[in-house]
Structure formats: structure tokens, C-alpha cells
1. In region 94-118, how many residues are open to solvent by less than 60 Å² (accessible area, probe 1.4 Å) and modelled with pLDDT of 85 or more?
2. Within region 161-168, identify whether any single residue is at pLDDT below 95 and either in contact with a His (Cβ under 6 Å, 6 or more places away or on another chain) or open to solvent by 30 Å² or more (accessible area, probe 1.4 Å) (or both), and answer yes or no.
3. Mind checking which residues of region 72-88 are assigned to a loop (DSSP other than H, G, I, E, B) and surrounded by fewer than 18 Cβ atoms within 10 Å (Cβ to Cβ)?
4. Within region 17-26, restricting attention to residues that are free of Cβ contacts under 8 Å to residues at least 40 places away in the same chain and within 10 Å of Tyr44 (Cβ to Cβ), which residue is farthest from the chain's Cα centre (by Cα)?
5. Open to solvent by 10 Å² or more (accessible area, probe 1.4 Å), under 19 Å from Gly191 (Cα atoms) and either in a loop (DSSP other than H, G, I, E, B) or in contact (Cβ under 8 Å) with a residue 40 or more places away in the chain (or both), is that true of Ala91?
6. Kindly provide the set of residues from region 119-133 that are touching a Pro at 6+ places or on another chain (Cβ under 8 Å) and either loosely packed, with under 13 Cβ neighbours inside 10 Å or modelled with pLDDT of 90 or more (or both), ordered by number.
7. Suppose we keep only residues that are open to solvent by less than 60 Å² (accessible area, probe 1.4 Å) and in a strand (DSSP E or B) within region 180-193. Which one would you say is nearest to Leu131 (Cα to Cα)?
8. Which of the residues that make up region 37-71 are assigned to a loop (DSSP other than H, G, I, E, B) and open to solvent by 40 Å² or more (accessible area, probe 1.4 Å)?
Amino acid sequence: MHPRLLEAVRNNAVWCEAVCVTHGLPGRFGERAWTNPARTPMHYPDAISLTPDATAQDVLDGIDTSSGASVKDSFATLDLSAAGFTVLFEARWIHRRAGTPGEEWQVVTDPGVLPEGVFRPDLNADDTITLLRDTRGNSAALNTSDNVVGVSNVSGDNPWPGIVAMAARLHPGRDLVGYEDEAPDGFTVIGPLRVWFKD
């Protein structure tokens with residue numbers, strides 16, 4: 001297992017929890033899974049496995065498993081088909097060693113200007129989160145946990161060089177983690193993941 005994989009998974013769960021909290025929907029961190037008993041905001045999972053030995057019971061027991069439920073299977077090891085779930089998509093956890101400062105983007109103070117309407121203004125009150133945007137309309141979110149910076153909600157045309165540079169300026173020396181369909185230039189794949197969905 002890549003040494004940053006568990007940190008990448010936990011960082012993503014911390015990000016999802018932060019977004020849910022701004023909607024008044026706090027989740028729960030267990031030993032092997034993060035779960036949320038309420039239906040989470042659109043595009044956010046109701047559960048995330050945190051360790052490779054997490055079971056279907058670990059992720060399903062703490063959530064509403066009715067239609068619309070989703071689970072991030074962080075290690076692509078679960079089979080949730082018996083519970084009525086199907087694989088929505090597969091992706092790869094990614095990692096990049098800390099970069100060097102360069103091209104700078106702007107820190108966004110109004111989450112409403114970003115493409116995804118899930119972000120609420122009080123998300124900026126969390127000092128572990130930074131929302132970014134450049135003059136071309138590219139955007140991303142950074143969140144820190146442990147020794148890494150998570151990169152999520154990336155949109156735009158070739159945004160990665162600017163994101164890497166901005167992360168290096170704001171969080172010098174911290175490696176970058178996240179997940180994408182394919183690893184952007186300079187990133188390496190450190191593990192698979194699946195997102196399960198129940199119709």
C-alpha cells in the first residue's frame with residue numbers, strides 16, 4: 001500500500017464531513033468508516049470506507065440505505081450488490097509530492113461563485129479549507145488534514161499547474177492527494193476506489 005493512501009482517504013472524508021457540517025448534517029467517524037445518517041448534499045457520499053478491512057456492514061449500518069444512497073468504497077474492496085447498490089463509477093487515488101510556488105490563483109471568499117452550488121458561505125470559516133479560482137474560470141478546493149493537502153472539485157481547462165503552484169504557496173512542503181479518473185501530469189496513482197449508488 002502506498003504510504004499516502006490512508007491519508008488521502010481520510011483527507012477526503014474530512015472534506016466531505018466539512019461540507020456536510022455546513023448543511024447542518026454532521027456525520028460520524030468510526031474506526032473503519034465515516035457515515036452520515038442523513039442524505040448528504042448532491043455529489044457527496046453517505047459513507048466512506050476508511051480502511052481496507054472495512055466491511056459492507058461498517059458502511060451501511062450508519063446510513064439511510066433507501067434509494068439515492070451512495071458509498072465511497074475507498075479501496076475498491078466492497079461488494080454492495082446484495083444491498084441493492086450498483087457501481088456508479090470507478091476512479092484512482094492520486095498523489096504528488098509537494099510542489100514549488102509559481103503561478104498564483106485567487107483565494108475565493110464567496111463560495112457562490114464556484115460552479116457547484118453545494119458550497120455554503122460558512123465553509124470559509126473552516127481554516128483547513130481554501131477555495132480557489134483563476135481568471136479563466138478554473139476552480140478547485142483545497143483541504144488540509146494530517147500531513148497532506150486534498151484537492152477536490154477541480155474544474156476548468158488545464159487547471160492542474162496553477163492548483164499545484166497555489167497549494168505550494170499556501171501549504172509549503174505538504175504533498176497533494178485526491179482522486180480523479182486518471183492521474184494528471186506529475187501525479188501518481190496510489191490506489192483504486194469505487195462509488196456505489198442505490199437507485
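The values are calculated or read from the model by the stated rules, or taken from the named source; none is laboratory data. From a predicted model like this one, the values you see are computed outputs, not experimental measurements. Cβ placement follows ideal geometry from the backbone for every residue including glycine, while neighbour counts extend to all protein chains displayed. For accessibility, only protein heavy atoms count, side chains too; no ligands or nucleic acids. Shrake-Rupley method; radii C 1.70, N 1.55, O 1.52, S 1.80 Å.
1. Result for region 94-118: 5.
2. yes
3. Once the filter is applied, which keeps residues that are assigned to a loop (DSSP other than H, G, I, E, B) and surrounded by fewer than 18 Cβ atoms within 10 Å (Cβ to Cβ), region 72-88 yields Ala76, Thr77, Asp79, Gly84.
4. Going through the qualifying residues, I end up with Leu25.
5. no
6. Kept after step one, since they are touching a Pro at 6+ places or on another chain (Cβ under 8 Å), are these residues of region 119-133: 119-121, 123-124, 131.
Listed by number, the residues that qualify are Pro121, Leu131.
7. Top of the filtered list is Glu180.
8. Within region 37-71, the first condition is being assigned to a loop (DSSP other than H, G, I, E, B), and the residues that meet it are 37-46, 50-55, 61-69.
If the condition is that a residue be assigned to a loop (DSSP other than H, G, I, E, B) and open to solvent by 40 Å² or more (accessible area, probe 1.4 Å), then Pro37, Arg39, Met42, His43, Pro52, Asp53, Thr55, Asp61, Asp64, Thr65, Ser66, Ser67 are the ones that fit.
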